[in-house]
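Some notes on the structure that comes next.
Just so it is clear, none of the values below were taken in a lab; they were calculated from the coordinates. Quantities reported herein were computed from a predicted structural model and do not represent experimental measurements. Cβ: placed from backbone, ideal geometry, glycine included. Neighbour counts: every protein chain shown.
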Amino acid sequence: MTDVQLIAGNWKMNGLNSAIAELDAMIAAPTSPAAGLLVCPPATLLAAFAERAKGSAVGIGAQDCHWEVSGAHTGDLSAEMLADAGATHIIVGHSERRADHGETDAIVRRKAEAVARAGLTAILCIGETLEQRDAGQTLEVIARQLEGSVPAIDRLVIAYEPVWAIGTGRTPTVEQVAEVHAAIAARMGGVQILYGGSVKPSNAAELLAVPHVGGALVGGASLKAADFLGIAAATALAGAQTAGAS
Ligand code: PGA
């Protein structure tokens, strides 16, 4: 696993042109060498953000893609188009896509393959629902999602996002995060694994210090530069905590 933790912001369906001020603040801030920053704005802002972030330490990504290169798919965007607009990463299989658009593991796998075909890095999301956790099925669900949705591609990041922690303010305990991340690492070798779900400046250091946590996928708290940078700053603290613990 790389020493640089990836702090990825998923803006979801938020952000107008005026939000470029937040990106400017993220670009201008000195960031820890322990953190790589990535902002995934809505597709409407992708090209403008990529242009603005050129030459800076902030990468720009997309939130979803179609699996085909081009064709009769009204409203969809291919990985090649998103690469052309300046994306370096594409999130695939987010639980909101799985729930709102009926995306299955098989679809997510095709999307991840498309990301690789376009020469970009896929951030592939997996995670259990509250019902599944309460039924003691978490590790089984994770294993099934990994099996069904992860293709054999080089540039891959996994994001573990418990569905019940997304946008709720609830987070798993560090022990729960550690258990799932260890299980993913055991199956996936050296793949970078992000934790996602209600990450904020106040809990980031603790979550980022968990073994096999290689960064964070951040929704709500990525919209404001101050919060997002606060999370990025926690990577250094997390490193110090880990070093202190060993
Ligand atoms: P949240 O979203 O940080 O707002 O919980 C995380 C995500 O959905 O990636």
Confirm whether A204 is aliphatic (A, V, I, L, M) and crowded, with 23+ Cβ neighbours inside 10 Å. yes
When you scan segment 163-180, do you find a residue that is more than 22 Å from W11 (Cα to Cα), more than 14 Å from the chain's Cα centre (by Cα), away from the ligand (no atom under 15 Å from the Cβ) and crowded, with 21+ Cβ neighbours inside 10 Å, even just one? yes
Take the residues in segment 11-40 that are assigned to a helix (DSSP H, G or I) and of a type outside the set (A, V, I, L, M, F, W, C), then tell me which one is nearest to D64 (Cα to Cα). N17
Mind counting the residues in segment 120-141 that are within 15 Å of the ligand (Cβ to nearest atom), within 20 Å of V213 (Cβ to Cβ) and out of contact with any strand residue (DSSP E or B) (no Cβ under 8 Å at 6 or more places or on another chain)? 1
Residues that are out of contact with any Cys (no Cβ under 6 Å at 6 or more places or on another chain) and within 15 Å of the ligand (Cβ to nearest atom), drawn from segment 142-162: V157, I158, Y160, P162
Matching residues in segment 1-46 - criterion: being away from the ligand (no atom under 16 Å from the Cβ), among the β-branched types (V, I, T) and within 24 Å of A205 (Cα to Cα): T2, V4, I27, T31
Can you report the number of residues in segment 124-158 which are surrounded by 14 or more Cβ atoms within 10 Å (Cβ to Cβ) and out of contact with any helix residue (DSSP H, G or I) (no Cβ under 8 Å at 6 or more places or on another chain)? 2
Would you call V210 without any contact (Cβ under 8 Å) to a residue 60 or more places away in the chain, within 9 Å of the ligand (Cβ to nearest atom) and either not hydroxyl-bearing (S, T, Y) or not in a loop (DSSP other than H, G, I, E, B) (or both)? no
Restricting the first residue to segment 53-72 and requiring it to be surrounded by 15 or more Cβ atoms within 10 Å (Cβ to Cβ), which pairs with a second residue that is of a type in the set (D, E) meet a Cβ separation below 6 Å and a spacing of at least six or different chains? H66/D76
Tell me which residues, restricted to segment 194-206, are in contact with a strand residue (DSSP E or B) (Cβ under 9 Å, 6 or more places away or on another chain) and either away from the ligand (no atom under 14 Å from the Cβ) or in contact (Cβ under 8 Å) with a residue 60 or more places away in the chain (or both). L194, G196, G197
Counting only residues that are in contact with a Ser or Thr (Cβ under 8 Å, 6 or more places away or on another chain), give me the helices (runs of 4 or more DSSP H) lying completely in segment 41-127 with at least 3 of them. 105-117
